[in-house]
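A short worksheet on the structure shown next.
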Amino acid sequence: MTILGIESSCDETAASLLEIRKGTITIRSNNDASQATIHARYGGVVPEVAARNHLLSILPVAQKALGTSRPDVIAVTAGPGLVTSLGVGVQTARTLSFLWDIPLVAVNHLEGHLYSNWLPPVGGISNFKFQISNIEFPALVLIVSGGHTELILMRDHGSYKKIGQTLDDAAGEAFDKVAKMLGLGYPGGPAISRLAENGDPKRFAVPRALINDRKRQYDFSFSGVKTSVFYCVRDLKAAKKYTKRLLPDLCASFQQAVVDVLVWKTAAAAKEYKVKSVMLGGGVAANSLLRSQMIAVLTRDVPRAAVHIPQLKFCTDNAAMIAMAGYFHVKKSEYTPWHALDVRGGWEL
Ligand code: KG4
Ligand code: ZN
């Protein structure tokens, strides 16, 4: 079976062709047109600009992914995300489905991030073959992206229970806002993590929010972390002690606070729910400190849970993960006819 995945929920126009035969995945193509440099000018994603650029990119990106082939199924992100951006991918998928009479699958973007764990954890793209992962349930998934921070308990394919979420900013959003505050541009995550490599994570005191809150045991809050960096900078400036040389220490202290909370809460939930697997997904899962600390702490404290982390290119938005999630819907014949497929901007998993 070949599945064309289409993703356009934010600022990444992406299409990917996945071939799955007898449990073996071959990623035939994985294309994307990133708008990061366009939005960097504004310090964040501008919805109107994003939708117009999706319109310009979607057909060339899809055509490059398909080559001369015609897929058996089309899987498209229908939500959550920016409505006008989602509309471009959804309308393209509807049109191809109508013209070619190909079944259509609606995929939740968060489900896509979660299913990036079933994609090859290593290896290149072009015709790289990989036996589909046998991830054991129950599994715990930490989704950390620019728009979401959620802990999800997964008892089987398609069975999701949200056990925690952010009460304010998403983890990626906090990275982006702190980066903007420090003049590091957009997106902020990669810039902060690069600078943090040479910084002292203990130099500045940044709070670990909700860490001992029994009622909010698996919920997160990152706006206080962001504010504490703001006050640090303000006070340093007032005392005329703020220089660019402090950036690595500021970034390292902020990053360590965010990672500590994400890892502590994930480990605690993994223990309580006695899961067999722990997975990461979303753009912040590309963070090297989060990846290494998650593996170290879980191996030590929850040794019976296997830790799965997608390879870097499948952490940030991509279409291979949408095709992968689509595959598990196809197995259950969960199709949506083209005329019934609509954008669902606030779609909860
Ligand atoms: O999953 P994603 O590509 O898009 C959404 O669905 O939101 O995530 C984008 C987010 C951005 O906030 C970006 O700053 C963050 O992921 N990010 C990182 C890193 N790479 C991307 N955050 C921390 N460290 C990174 N290395
Ligand atoms: Zn995403």
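The values are calculated or read from the model by the stated rules, or taken from the named source; none is laboratory data. Every value quoted in this text rests on a predicted model; they were computed, and no experiment measured them. Cβ: placed from backbone, ideal geometry, glycine included. Neighbour counts: every protein chain shown. Keep in mind that these areas ignore ligands, DNA and RNA; they rest on the heavy atoms of the full protein, side chains included. Shrake-Rupley method; radii C 1.70, N 1.55, O 1.52, S 1.80 Å.
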*Inspect all residues belonging to the range 104-114 and state whether any of them is over 30 Å from PHE222 (Cα atoms) and modelled with pLDDT under 95.*
no
_Positions within the range 73-87 being within 16 Å of ligand 1 (Cβ to nearest atom), touching a His at 6+ places or on another chain (Cβ under 9 Å) and among the aliphatic types (A, V, I, L, M), in sequence order_ = ALA78, LEU86
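Among the residues of the range 329-349, is any more than 22 Å from ASP156 (Cα to Cα), assigned to a loop (DSSP other than H, G, I, E, B) and touching a Lys or Arg at 6+ places or on another chain (Cβ under 9 Å)? Step through it out loud before you land on a result.
As a first pass, look at the range 329-349 and keep what is more than 22 Å from ASP156 (Cα to Cα): 337-346.
Those still in the list that are assigned to a loop (DSSP other than H, G, I, E, B) too: 337, 341-346.
Now narrow it down to the ones that are touching a Lys or Arg at 6+ places or on another chain (Cβ under 9 Å): 341.
For the range 329-349, residues more than 22 Å from ASP156 (Cα to Cα), assigned to a loop (DSSP other than H, G, I, E, B) and touching a Lys or Arg at 6+ places or on another chain (Cβ under 9 Å): present.
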*When residues of the range 277-300 are filtered for being in contact with a strand residue (DSSP E or B) (Cβ under 7 Å, 6 or more places away or on another chain) and not in a helix (DSSP H, G or I), how many remain?*
6
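Any chance you could count how many residues in the range 238-266 are open to solvent by 30 Å² or more (accessible area, probe 1.4 Å) and either in a helix (DSSP H, G or I) or outside the structural domain of PHE220 (by TED's automatic domain parsing) (or both)? Reasoning before the result, please.
Residues of the range 238-266 that are open to solvent by 30 Å² or more (accessible area, probe 1.4 Å), as a first pass: 238-245, 256, 264.
Keeping just the survivors that are either in a helix (DSSP H, G or I) or outside the structural domain of PHE220 (by TED's automatic domain parsing) (or both) gives 238, 244-245, 256, 264.
Final tally of qualifying residues: 5.
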_Filter the range 1-43 down to the residues that are in contact (Cβ under 8 Å) with a residue 40 or more places away in the chain, within 15 Å of ligand 2 (Cβ to nearest atom) and more than 28 Å from ASP101 (Cβ to Cβ) and list them by number._
CYS10, ASP11, GLU12, ALA36, HIS39
*Check ALA269, ALA320 and return the single one that is in contact with a Phe, Trp or Tyr (Cβ under 9 Å, 6 or more places away or on another chain), farther than 13 Å from LEU142 by Cα and buried (at least 21 other Cβ atoms within 10 Å of the Cβ).*
ALA320
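Given the criterion part of a loop (DSSP other than H, G, I, E, B), modelled with pLDDT of 95 or more, away from ligand 1 (no atom under 16 Å from the Cβ) and not assigned by TED's automatic domain parsing to the domain that holds GLY146, identify the matching residue among ARG94, ARG70.
Just a single option satisfies the conditions, and that option is ARG70.
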*Could you identify the single residue in GLY81, GLY123 that is assigned to a loop (DSSP other than H, G, I, E, B), within 16 Å of ligand 2 (Cβ to nearest atom) and touching a residue at least 40 places away in the same chain (Cβ under 8 Å)?*
GLY81
*Conditions: (1) over 28 Å from ILE295 (Cβ atoms); (2) at pLDDT below 95; (3) surrounded by 14 or more Cβ atoms within 10 Å (Cβ to Cβ). PHE130 meets all but one. Number of the miss?*
(1)
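Identify, from the list ALA196, ALA179, ALA174, ALA170, the residue that is closer than 21 Å to GLY282 by Cα, surrounded by 13 or more Cβ atoms within 10 Å (Cβ to Cβ) and without any contact (Cβ under 8 Å) to a residue 24 or more places away in the chain. Don't jump to the end; show me each part of the working.
Details: ALA196 fails: without any contact (Cβ under 8 Å) to a residue 24 or more places away in the chain; ALA174 fails: without any contact (Cβ under 8 Å) to a residue 24 or more places away in the chain; ALA170 fails: without any contact (Cβ under 8 Å) to a residue 24 or more places away in the chain.
Result of the check over ALA196, ALA179, ALA174, ALA170: ALA179.
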*Number of the condition not met by LEU110 [criteria: (1) within 13 Å of ligand 1 (Cβ to nearest atom); (2) more than 21 Å from ASN31 (Cα to Cα)]*: (2)
*asked:* Please pick out the residue among ASP235, ASP213 that is away from ligand 2 (no atom under 16 Å from the Cβ) and open to solvent by 60 Å² or more (accessible area, probe 1.4 Å).
replied: ASP235
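In the list GLY189, GLY146, which residue meets the criterion of being part of a loop (DSSP other than H, G, I, E, B) and within 16 Å of ligand 2 (Cβ to nearest atom)? Can you show your working first?
Details: GLY189 fails: part of a loop (DSSP other than H, G, I, E, B).
Checking each option against the conditions leaves just GLY146.
Residue-wise test of (1) modelled with pLDDT of 90 or more; (2) closer than 19 Å to HIS109 by Cβ; (3) more than 15 Å from ligand 1 (Cβ to nearest atom).
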residue	(1), (2), (3)
CYS10	yes, yes, no
SER16	yes, yes, no
GLU19	yes, no, yes
GLY23	no, no, yes
ARG28	yes, no, yes
ALA33	yes, yes, no
ALA36	no, yes, no
ARG41	no, no, yes
ALA50	yes, yes, no
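Can you confirm whether GLY147 is touching a residue at least 40 places away in the same chain (Cβ under 8 Å), away from ligand 1 (no atom under 16 Å from the Cβ) and crowded, with 17+ Cβ neighbours inside 10 Å? I'd like the intermediate steps shown before the answer.
Working: touching a residue at least 40 places away in the same chain (Cβ under 8 Å): yes; away from ligand 1 (no atom under 16 Å from the Cβ): no; crowded, with 17+ Cβ neighbours inside 10 Å: yes.
No.
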*Subset of the range 323-345 [open to solvent by 70 Å² or more (accessible area, probe 1.4 Å) and closer than 20 Å to GLY172 by Cα]*: none
